[in-house]
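The values are calculated or read from the model by the stated rules, or taken from the named source; none is laboratory data. Keep in mind that this is a model prediction, so the values were computed, not measured. Virtual Cβ from ideal backbone geometry, glycine too; neighbours counted across all protein chains shown.
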Amino acid sequence: MTSTLLQAQTAPAAPAQAAVAAVPPAKQVLIDRILALWHPEAVAMVMVQRPAADAVQQARIALQGRVSAEKRDVTVKDIAVDAQRYVDEATPLAQAAVRRQMPRTVVPMLAENFSEDELRQLLAMLESPVKQKFEQWVPKLERALGEKTAEDAGATIQPKLDTMKQAIAVKLRAASMVP
């Protein structure tokens, strides 16, 4: 056993295997089930999609008031194609990195900080039909809350939003006029 552990620690590709090997098999089974339900690959998607969405939004803002609406829309659509290409190319790379890093980060953290009993409880919670039902309702709940919030505060917030947008537009125009 000691020689196997020593080999795992000294082998060139050992860090991932060493982290996984240190987890008792019963815990590893529970952790694998938890990870399958949690979908940590979504972290990669957010990491890739956020800068793309921000870039498109920033381009839209930068073009507003500087070019005609028609030219702005055409340009933003063209920029969106570039952003989507980036997302399409970067997402599999980021997801592969998540899969490589999972045994080195999340698995040991779960194994060290949760007992087998706690992992079973967590798994029961994640597999709960009530949780699944709640998750199906979350978009409807958020939409209903958003609509009512907009009705309640929209008239008060909209002028502030318009003022902010105008101030930003003025500063962008001023910045683009200065040589």
If we ask which residues in segment 126-142 are among the aromatic types (Phe, Trp, Tyr) and at pLDDT below 90, their number turns out to be 0
Among the residues of segment 22-38, the number that are closer than 14 Å to residue 103 by Cα and exposed (fewer than 15 other Cβ atoms within 10 Å of the Cβ) is 5
Residue set 80, 26, 62; condition assigned to a helix (DSSP H, G or I) and within 23 Å of residue 128 (Cβ to Cβ); output residue 26
In this structure, is residue 174 in a helix (DSSP H, G or I), free of Cβ contacts under 8 Å to residues at least 60 places away in the same chain and surrounded by 10 or more Cβ atoms within 10 Å (Cβ to Cβ)? no
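If you go through segment 127-174 one residue at a time, how many are within 28 Å of residue 62 (Cβ to Cβ) and over 25 Å from the mean Cα position of the chain (by Cα)?
20
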Does residue 95 satisfy the condition of being modelled with pLDDT of 90 or more and either of a type in the set (Lys, Arg) or buried (at least 17 other Cβ atoms within 10 Å of the Cβ) (or both)? yes
Out of 120, 143, sole residue that is closer than 27 Å to residue 23 by Cβ and among the basic types (Lys, Arg): 120
